[in-house]
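The values are calculated or read from the model by the stated rules, or taken from the named source; none is laboratory data. For clarity, every value in this text was computed on a predicted model and none was experimentally measured. Quick reminder, even Gly has a Cβ in these numbers, built from the backbone with ideal geometry, and neighbours come from all protein chains shown. The area values use the complete protein model at the heavy-atom level, side chains included, leaving out ligands, DNA and RNA. Shrake-Rupley method; radii C 1.70, N 1.55, O 1.52, S 1.80 Å.
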Amino acid sequence: MVTSGKGGVGKTTTSASFASGLALRGFRTAVIDFDVGLRNLDLIMGCERRVVYDLINVINGEAKLQQTLIKDKLVDKLSVLPASQTRDKDALTQEGVERVLDELVEMGYEYIVCDSPAGIESGAMLAMHFADEALVVTNPEVSSVRDSDRILGMLSSKTRRAIEGREPVKEHLLITRYNPARVEDGQMLSLTDIQEILRIPLIGVIPESEAVLQASNQGVPAIHQDGSDVSEAYKDVIARFLGEDKPMRFTDAVKPGFFKRLFGR
């Protein structure tokens with residue numbers, strides 16, 4: 001699952017790029033939008049006009065999963081399962097979600113990425129309940145980090161793994177909208193500050209960039225913005241998730257060159 005305590009930190013952007021990145025690596029991947037009532041994942045994936053059925057239709061038996069999954073336009077091995085825009089969040093049930101996840105596994109999907117709503121409402125709790133691993137997305141600001149800490153408490157106590165006494169959900173910290181220059185000026189928390197508070201392994205740092213906005217306006221996951229820092233950062237995250245050793249990039253402020261210092265902009 002891709003989760004956070006606070007809204008607007010880049011969860012859906014991350015879910016889209018993370019799922020796309022896994023599919024680009026050759027893994028059959030499904031990404032599910034759990035944000036019933038809002039539904040933004042299909043916009044970022046550029047498939048909003050192709051939504052006919054949604055997650056709630058499948059749970060209620062009004063459509064089959066094969067009818068509902070939308071094949072991604074850019075990556076062959078990726079499918080999108082959209083949320084409903086018109087139903088109430090209470091339409092999600094634990095039994096229904098479990099049935100959908102089991103069916104996706106039976107269909108041969110190797111990774112299922114759950115785009116969780118912010119906070120601890122029912123959609124978020126259901127996405128969390130069945131998680132094997134969690135990407136905890138946070139911005140370098142106090143309120144975002146504090147809310148992520150609360151989510152970590154839920155992950156250690158409210159998931160199926162915790163209830164059954166199994167190995168805990170594997171947690172990964174992903175810091176988005178990071179600007180090293182603003183960290184140096186004291187406007188943002190540093191990586192060290194965030195890690196000291198949350199104390200879970202850092203899987204990546206996504207730099208603050210206009211490329212994210214450009215990508216979402218175009219209906220393309222940011223990982224496809226070739227040549228951009230954001231795309232490179234998400235590719236690094238995928239590599240680390242798959243066990244590869246990648247040095248952390250985009251964490252240091254770029255010092256201005258001699259002529260820039262001399263002449264300004």
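Gly7 fulfils the conditions (1) more than 30 Å from Val142 (Cβ to Cβ); (2) surrounded by fewer than 23 Cβ atoms within 10 Å (Cβ to Cβ); (3) touching a Gly at 6+ places or on another chain (Cβ under 8 Å) except for a single criterion, (1). Listed by first and then second residue, the pairs with beta-carbon distance under 7 Å, at least 6 apart or on different chains, first residue in segment 228-244 and among the acidic types (Asp, Glu), second modelled with pLDDT of 95 or more and surrounded by 20 or more Cβ atoms within 10 Å (Cβ to Cβ), are Asp229/Pro207; Asp236/Gly204.
Say whether the condition of being touching a His at 6+ places or on another chain (Cβ under 9 Å), in contact (Cβ under 8 Å) with a residue 24 or more places away in the chain, assigned to a loop (DSSP other than H, G, I, E, B) and open to solvent by 10 Å² or more (accessible area, probe 1.4 Å) is met by at least one residue in segment 138-157. No, segment 138-157 contains no residue that is touching a His at 6+ places or on another chain (Cβ under 9 Å), in contact (Cβ under 8 Å) with a residue 24 or more places away in the chain, assigned to a loop (DSSP other than H, G, I, E, B) and open to solvent by 10 Å² or more (accessible area, probe 1.4 Å).
Looking across segment 165-178, the residues that are open to solvent by 30 Å² or more (accessible area, probe 1.4 Å) and either outside any strand (DSSP E or B) or within 14 Å of Glu141 (Cα to Cα) (or both) come down to Gly165, Arg166, Glu167, Pro168, Arg177. Take the conditions surrounded by 24 or more Cβ atoms within 10 Å (Cβ to Cβ) and over 29 Å from Arg161 (Cα atoms) and apply them to Met1. Does it pass? No.
For the residues Asp76, Asp115, Asp132, the requirement of being within 20 Å of Phe241 (Cα to Cα), of a type outside the set (Lys, Arg) and open to solvent by 50 Å² or more (accessible area, probe 1.4 Å) singles out Asp132.
Checking Leu38, Leu43 one by one, the residue that is at pLDDT below 95, part of a loop (DSSP other than H, G, I, E, B) and open to solvent by 60 Å² or more (accessible area, probe 1.4 Å) is Leu38 and no other.
Here Ser17 clears all of (1) outside any loop (DSSP other than H, G, I, E, B); (2) at pLDDT below 95; (3) not acidic (Asp, Glu) except the condition numbered (2). When Ile206, Ile194, Ile200 are screened for being in contact with a helix residue (DSSP H, G or I) (Cβ under 8 Å, 6 or more places away or on another chain) and in a helix (DSSP H, G or I), only Ile194 passes. Against the test of being of a type in the set (A, V, I, L, M, F, W, C), open to solvent by 10 Å² or more (accessible area, probe 1.4 Å) and under 30 Å from Ser156 (Cα atoms), the options Ala83, Ala91 yield a single qualifying residue, Ala91.
Provide a single number: the residues in segment 98-109 that are surrounded by 14 or more Cβ atoms within 10 Å (Cβ to Cβ) and out of contact with any Cys (no Cβ under 9 Å at 6 or more places or on another chain).
6
Selection of first residues in segment 92-103 that are under 20 Å from Gly37 (Cβ atoms) and of second residues that are open to solvent by 60 Å² or more (accessible area, probe 1.4 Å) and modelled with pLDDT under 95, restricted to Cβ pairs under 8 Å at least 6 apart or on distinct chains, gives the following pairs, ordered by first then second residue: Gly96/Asn60. Just so you know, in segment 56-89 the residues that are under 18 Å from the mean Cα position of the chain (by Cα) and of a type in the set (A, V, I, L, M, F, W, C) include one that is farthest from Asp115 (Cα to Cα), and it is Val75. Of all residue pairs spaced 6 or more apart or on separate chains, none has beta-carbon atoms under 8 Å together with a first member in segment 193-219 that is free of Cβ contacts under 8 Å to residues at least 60 places away in the same chain and a second member that is open to solvent by 50 Å² or more (accessible area, probe 1.4 Å) and small (Gly, Ala, Ser). Only one entry of Ala162, Ala124, Ala181 meets the criterion of being modelled with pLDDT of 95 or more and part of a helix (DSSP H, G or I), and that entry is Ala162.
Can you name every residue in segment 112-162 that is under 20 Å from Thr93 (Cα atoms) and small (Gly, Ala, Ser)? Selection gives Ser116, Ala118, Gly119, Ser122, Gly123, Ala124, Ala127, Ala131, Ser157, Ala162.
The number of residues in segment 46-62 being in contact (Cβ under 8 Å) with a residue 24 or more places away in the chain, outside any helix (DSSP H, G or I) and under 20 Å from Gly219 (Cα atoms) comes to 4.
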